[in-house]
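See structure below.
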Amino acid sequence: MSASQATPDAAAEKTTVRVELGERSYDILIGPGLIAETGPALAALHPGIRVAVVTDETVAGIHLPALRQSLEAAGIDHVVSVVAPGEGAKSFGNFERLCDEVLAARLERGDAVVALGGGVVGDLSGFVSGVVRRGMRFVQVPTTLLSQVDSSVGGKTGINCRHGKNLIGVFQQPRLVVADTATLDTLSKREFRAGYAEVAKYGLIDDFDFFSWLEASWGEVFAGGAARTRAIAASCRAKAAVVAGDERETGRRALLNLGHTFGHALEAATGFSQRLVHGEGVAIGMVLAFRFSARLGLANGQDAERVRAHLAAVGLPTEISHIEGTISGADELMAHIAQDKKVKRGKLTFILARGIGQSFIADDVAPDAVRAFLEDELKR
């Protein structure tokens, strides 16, 4: 999974990344202005298709008109469902409502649910598409950096419950991903930074050169243009390669969860609120993963500090103390970690590192070691 293989001239041009999954393979279209091309692309892929567009209130006011115009121009009948923005939308109530609205519109198995928005909308609507009529077609139109480089690719869908994040869902691969890079110009600085954490993750997993390039070029990525497109395409290629080899996360795909076990626990501890958005949780989680690795004697402290310094330079939180409000303590975090999807028969699984670009799966991490580490981190 070498993200650094992307070439700089991939940028200002429209780029296609292929996810190879046999008969379920699909394309990720990347470039500016692609929402306007979504209708024709769908009509060519599945003639006669009808769709249910799912979006949130914020995205609906910005990007929904362009998508509807594109669908209408291609002669695609569609209905629209709108949910509130934020992680709270991934609820049983919204899941039930959307299932009912898709069925009420008399959409058939060969029709599609189209997710227009960020990771929340994609996770929720993907789950709906995976279970209504025992599986409909699914299309992702991600409008955030985080969703373009991560959640829209790979087929993970789901909702949250009182036990934790994304614990109820299905693997449901999209038939098409349309990543319109122009939509990123409408994001807040906080939301763009949060998505950047997932971009940096691909370098930290196993591509030292890509991480080094990001250290030197992150300002250009934030500014837009060639560097931004290069970073998105590189991230998508990296994830596509992993997904193709391990679709259902039985092995190597777990590496994509670098920082997520700690990060999800912190998100749960904040009630999945705006105190800590997902990418910020991942940023802190990756710093913790490298520090924990150093504490275990697996990595050196200089690498852990290098990770922290880069994420801090772009404006991301890197310490538990950076989270607004208080975190109850190590016991609460350990309880959330115990519910993590990467726990296997009660044994804790973490993605740790021997250095930048040298992450690995640790299947049997001692809970006492994690608790002691968290207790110290909570004092920082």
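The values are calculated or read from the model by the stated rules, or taken from the named source; none is laboratory data. None of these values were measured; they are calculated from a predicted model. Note that we place each Cβ from the backbone using ideal geometry, even for glycine, and neighbour counts take in every protein chain shown.
Summary of computed values
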quantity: So Val242, is it in the same structural domain as Ala366 (by TED's automatic domain parsing), touching a residue at least 24 places away in the same chain (Cβ under 8 Å), crowded, with 21+ Cβ neighbours inside 10 Å and more than 17 Å from the chain's Cα centre (by Cα); calculated: no
quantity: Filter result (of a type in the set (Gly, Ala, Ser), buried (at least 16 other Cβ atoms within 10 Å of the Cβ), in a loop (DSSP other than H, G, I, E, B) and modelled with pLDDT of 95 or more) within the stretch 52-98; calculated: Ala74, Ser91
quantity: From Asp123, Asp180, residue being in contact with a Leu (Cβ under 8 Å, 6 or more places away or on another chain) and touching a residue at least 12 places away in the same chain (Cβ under 8 Å); calculated: Asp180
quantity: Test: residue in the stretch 55-65 that is over 24 Å from Val277 (Cα atoms) and touching a Leu at 6+ places or on another chain (Cβ under 7 Å); calculated: no
quantity: Candidate set from the stretch 18-36 (those that are in contact with a Ser or Thr (Cβ under 7 Å, 6 or more places away or on another chain) and either of a type in the set (Ser, Thr, Tyr) or in a helix (DSSP H, G or I) (or both)); member that is nearest to Ala234 (Cα to Cα); calculated: Ile35
quantity: Selection count where residues are of a type in the set (Asp, Glu), modelled with pLDDT under 95 and under 18 Å from Leu374 (Cβ atoms), scope the stretch 244-299; calculated: 1
quantity: Test: residue in the stretch 300-308 that is under 21 Å from the mean Cα position of the chain (by Cα) and over 20 Å from Ser151 (Cα atoms); calculated: yes
quantity: Residue that is surrounded by the fewest Cβ atoms within 10 Å (Cβ to Cβ) [pool: residues in the stretch 142-165 that are charged (D, E, K, R) and either assigned to a helix (DSSP H, G or I) or out of contact with any helix residue (DSSP H, G or I) (no Cβ under 7 Å at 6 or more places or on another chain) (or both)]; calculated: Arg162
quantity: Some residue of the stretch 299-321 being in a loop (DSSP other than H, G, I, E, B) and among the charged types (D, E, K, R); calculated: yes
quantity: Residues within the stretch 9-29 that are under 19 Å from Thr183 (Cα atoms) and either modelled with pLDDT under 95 or out of contact with any Lys or Arg (no Cβ under 8 Å at 6 or more places or on another chain) (or both), tallied; calculated: 7
quantity: Selection status of Glu87, touching a residue at least 40 places away in the same chain (Cβ under 8 Å), in the same structural domain as Ala179 (by TED's automatic domain parsing) and more than 30 Å from Arg253 (Cα to Cα); calculated: no
quantity: Filtered residue count, the stretch 62-81, keeping only those that are over 15 Å from Val141 (Cα atoms) and either free of Cβ contacts under 8 Å to residues at least 12 places away in the same chain or hydrophobic (A, V, I, L, M, F, W, C) (or both); calculated: 4
quantity: Count - residues of the stretch 310-350 that are among the β-branched types (Val, Ile, Thr), modelled with pLDDT of 95 or more and farther than 17 Å from Gly271 by Cβ; calculated: 2
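Table: residues versus (1) on the phi > 0 side of the Ramachandran plot; (2) surrounded by fewer than 23 Cβ atoms within 10 Å (Cβ to Cβ).
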| residue | (1), (2) |
| --- | --- |
| Ser212 | no, yes |
| Glu215 | no, yes |
| Phe222 | no, yes |
| Arg230 | no, no |
| Ala238 | no, no |
| Asp246 | no, yes |
| Thr250 | no, yes |
| Gly259 | yes, no |
